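All remarks here apply to the structure that follows.
The values are calculated or read from the model by the stated rules, or taken from the named source; none is laboratory data. Since we're looking at a predicted model, the values are computed, not measured. Ideal geometry is used to build each Cβ from the backbone, glycine not excepted, and the neighbour counts take in all protein chains shown.
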Amino acid sequence: MLRRRVNFLGFMLAAAVLLHPPRMLATAPPPAARPWMNPSASPEQRADLLMKAMTLDEKITLMHGVEPVPIKGYVGYVPPIPRLGIPAITEADGRAGVGNGAKNVTLLPAPIAAASSWDPQLLNAFGKVLGEEQWKKGTNVELGPSIDVVRVPEWGRTFESYGEDPYFNAQMAVAEIQGIQSEGPIANANMYVTMNQESNRFREDSIVDERTLHEIYLPPFAAAVEQAQAGTIMCAYVKTNRVYSCESADLLSDILRKELHFDGWVMSDWGATHSTLSSVEHGLNQEMPGDKYFGLALKQAVQSGQVSEALIDERVRQILVPMFRQGIFDHPDHGSWSANVRTPEHASFSRAAAEQGTVLLKNQGGILPLAKTTSIAVLGEAGGSKPKAEGGGSSGVVAPYVVSPVDGLRRAAASAESISYADGSDLNAAAEAARKAQVAIVFVHTDETEGADRPSLSLPGNQDQLIAAVAAANPKTIVVLDTGGPVLMPSIDKVAGVLEAWYPGQEDGNAIAAVLYGDVNPGAKLPLTFPRTATAIPTSTRQQWPGVDGRSIYSEELDVGYRWYDATHNQPLFPFGFGLSYTTFRLSHLSVTPASVQTGSSFHPVHVRVEVTNTGQRAGAEVVQVYVGQPAANGEPPHQLRAFGKVQLQPGETKTVTLTLDQRSFSIYDESARRWISPPGRYEILAGTSSRDLPLHGTVIAGGGSQ
């Protein structure tokens, strides 16, 4: 959704006169004649009542945006219909804060950082902060979150996502969507579906089998619909199996409406509508940002009999129901684009989210945490002169400030004079600064953005050479990664410490200083795999990515992310779910009950209990991860994440973590029957602290059944 920012100032009434036929500006009926404004009626009843009063022109008005947007700021706009009391639909970007040039807003860490907390409560709070600021800015449709599964590690929008696992992404999507919608705006789950690359994204065709589609790429969207009740879904630019997403009967009608029972509306990504008849017939409700296909062309299609008005009614009702459900009609004047929506509490949350999302990947010899009296050489642009706090594209936010790492360290150190800085452009100068300090910290970054995939997994510029030069000068070298996704680390064996801080938002320096000095004990885990080489990845061929002749072949099928590494016995650099702490933990006493289940209508949840003990000297958090290994005959990857829980422990403390496995944990998608089934057999239950550290094993014997 890399969209044009239109700064068009216009008087609202004049804009309405220009955009609508005269009959739509008729004198508004008195409130008593608007029964749909009765908040005690159900959203469905209110929508039905309003539909009876709408003209065809008014219905079609709701089915497309207008350009230019007549109110400064919003990137998408559907004008109000005053005659009926229908408020404008005001849409703004924002995965890490209110976008589209909004001022006086909070820049949060990138979603991948928040997800690395492995804490759905934090994602819920993340959504609440985002939803509150959008609502107070007058936004009633928040164009996020992005919930696609990361298939290609070079994907330019990895930083907007939650990672590579469908179950994990689903849990985080539910938490954030519920948080956003609790504050007023309708959340928009995007981009539906197989939006797994930016390369050639306007025309690329994702060739994927039905089983992989259902088991890997659809679960986050299914959860967004079934658990979070997201009001809108955005169909993607790409094609899936030769059909554009926004006119696909399979994706929109068969799956979204019939299988998932979605009752909200589908809007197109900006410019992703390619037809009138196919799009409206197969399930698109709203063309954005303009009216090329769903304006006059749609009206003429109705008048000529090509499209029935009953179908228009169905599409418009699917827009109105979530608007009523979310209170958009009842709170039309809830904010202003010019409002200052920043608060001290939001700034504190941004810092906490960055701290909780920072992953400790290497800590050789216990070099971390550092004493505040340590002399430190801070090196690299991201450490001082150009802190890398956010990704690009429609996720961009006008930050009120960004605390650089060197400033954060100087504020937190016993003496600011003990912290030196060099930008790393001169490798000899950087090495000399490293020699003079007790510890060297190299801050490196990637430049990730919507609209372009990364050309490689290597760090851009001379950053790998910078790490090597500094590490040669000072063996006590720590690398901090400000990246949106995985990177190769050729000097991993030469450095003493590595932290993944992602794109940490406005409190960048304060957050990383708190972790480096041990004021915060890192408890985050990777939501995706770091590969050892550029070729030892699931999508290493050109046919897979970026594609050949406009087609990307999903030949890895179910083996996405860590599944591929396990299935092919490849050793990653850092596995999915991995993260260290300044303390140590022990998992023990696995209990799995019941030991046998009957699937289908008689299924009862399986409870997995694990004791976790903090065996170190510091308070800290551990994430218990439960994976399920299916019978070999099911044709599934070796094991897959199906439950997780985070627990805080004092030194020496033990707690029991209880996690639940649902029926889907024992299921596969049957392509021939087009439904989920649970084949009978022996299912292995594995518990541990990463996809490669699963010391506790149990079993469940499952009977067979369909769902």
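Brief remarks on what is shown
- Where a residue in region 412-432 is without any contact (Cβ under 8 Å) to a residue 40 or more places away in the chain and its partner, wherever it lies, is of a type outside the set (Asp, Glu) and not in a helix (DSSP H, G or I), with Cβ under 6 Å and at least six apart: Ala429/Ala422
- Residues being modelled with pLDDT under 95, surrounded by fewer than 24 Cβ atoms within 10 Å (Cβ to Cβ) and touching a helix residue (DSSP H, G or I) at 6+ places or on another chain (Cβ under 8 Å) - total across region 71-126: 1
- Residues in region 427-455 that are assigned to a loop (DSSP other than H, G, I, E, B) and exposed (fewer than 14 other Cβ atoms within 10 Å of the Cβ): Pro455 only.
- Residue ID - nearest to the chain's Cα centre (by Cα), chosen from residues in region 382-408 that are closer than 19 Å to Gln463 by Cβ and surrounded by fewer than 21 Cβ atoms within 10 Å (Cβ to Cβ): Gly392
- Region 635-707 holds strands (runs of 3 or more DSSP E) entirely within its bounds, and those carrying 1 or more residues that are touching a Leu at 6+ places or on another chain (Cβ under 8 Å) map to 640-649, 654-661, 681-688, 696-702.
- Listed by first and then second residue, the pairs with beta-carbon distance under 6 Å, at least 6 apart or on different chains, first residue in region 481-492 and assigned by TED's automatic domain parsing to the domain that holds Ser458, second among the small types (Gly, Ala, Ser) and assigned to a loop (DSSP other than H, G, I, E, B), are Asp482/Ala501; Gly484/Gly391; Leu488/Ser458.
- Of the residues making up region 10-23, none is outside any loop (DSSP other than H, G, I, E, B), modelled with pLDDT of 95 or more, not small (Gly, Ala, Ser) and not assigned by TED's automatic domain parsing to the domain that holds Pro400.
- Pairs where the first residue, in region 184-208, is free of Cβ contacts under 8 Å to residues at least 12 places away in the same chain and the second is part of a loop (DSSP other than H, G, I, E, B), C-beta under 7 Å, 6+ apart: none
- Condition check for Leu409: among the hydrophobic types (A, V, I, L, M, F, W, C) and either closer than 20 Å to Glu132 by Cβ or not in a helix (DSSP H, G or I) (or both): no
- Of all residue pairs spaced 6 or more apart or on separate chains, those with beta-carbon atoms under 6 Å, a first member in region 494-513 that is buried (at least 24 other Cβ atoms within 10 Å of the Cβ) and a second member that is of a type in the set (Asp, Glu) are Ala501/Asp482; Tyr503/Glu390; Gly509/Asp407; Ala511/Glu355.
- Considering each residue of region 341-359 in turn, at least one proves to be among the aliphatic types (A, V, I, L, M) and over 25 Å from Val444 (Cα atoms).
- Region 265-285, residues that are under 16 Å from Thr90 (Cα atoms) and surrounded by fewer than 24 Cβ atoms within 10 Å (Cβ to Cβ): Trp270
- Residue check for Lys362: basic (Lys, Arg), at pLDDT 95 or above, outside any strand (DSSP E or B) and within 29 Å of the chain's Cα centre (by Cα): no
- Taking residues in region 84-98 that are farther than 30 Å from Glu58 by Cα and assigned by TED's automatic domain parsing to the domain that holds Phe126, and partners anywhere that are hydrophobic (A, V, I, L, M, F, W, C) and part of a loop (DSSP other than H, G, I, E, B), the pairs with Cβ atoms closer than 7 Å and at least 6 places apart or on different chains are Ala96/Leu107; Ala96/Leu108; Ala96/Ala110; Ala96/Val397; Gly97/Val105; Gly97/Leu107; Gly97/Leu108; Gly97/Val397.
- Ser667 satisfies every condition listed in (1) touching a residue at least 60 places away in the same chain (Cβ under 8 Å); (2) out of contact with any Ser or Thr (no Cβ under 6 Å at 6 or more places or on another chain) except (2).
- Whichever residue in region 26-61 is of a type in the set (Gly, Ala, Ser) and farther than 19 Å from Glu309 by Cβ and, among such residues, is modelled with the lowest pLDDT: Ala26
- Residue count for region 244-256 satisfying the condition of being surrounded by fewer than 17 Cβ atoms within 10 Å (Cβ to Cβ) and out of contact with any Gly (no Cβ under 6 Å at 6 or more places or on another chain): 3.
- Region 287-311, residues that are buried (at least 24 other Cβ atoms within 10 Å of the Cβ) and either aliphatic (A, V, I, L, M) or assigned to a strand (DSSP E or B) (or both): Glu287, Met288, Leu298
- Residue identified as part of a loop (DSSP other than H, G, I, E, B), under 30 Å from Val479 (Cβ atoms) and either out of contact with any Leu (no Cβ under 8 Å at 6 or more places or on another chain) or in the same structural domain as Pro522 (by TED's automatic domain parsing) (or both) among Ala339, Ala371, Ala347, Ala354: Ala371
- Filter result for Thr232 (touching a Gly at 6+ places or on another chain (Cβ under 7 Å) and either of a type outside the set (A, V, I, L, M) or surrounded by fewer than 17 Cβ atoms within 10 Å (Cβ to Cβ) (or both)): yes
- Residue within region 607-615 that is assigned to a loop (DSSP other than H, G, I, E, B) and surrounded by fewer than 18 Cβ atoms within 10 Å (Cβ to Cβ) present: yes
- All conditions in (1) part of a loop (DSSP other than H, G, I, E, B); (2) more than 15 Å from the chain's Cα centre (by Cα) hold for Thr212, with the sole exception of (1).
- Of the residues making up region 630-658, just one is surrounded by fewer than 18 Cβ atoms within 10 Å (Cβ to Cβ) and touching a Phe, Trp or Tyr at 6+ places or on another chain (Cβ under 8 Å), namely Pro631.
Yes/no per residue for (1) in a loop (DSSP other than H, G, I, E, B); (2) surrounded by fewer than 22 Cβ atoms within 10 Å (Cβ to Cβ); (3) not charged (D, E, K, R):
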| position | (1), (2), (3) |
| --- | --- |
| Ala536 | yes, yes, yes |
| Phe576 | yes, no, yes |
| Val592 | no, yes, yes |
| Tyr627 | no, no, yes |
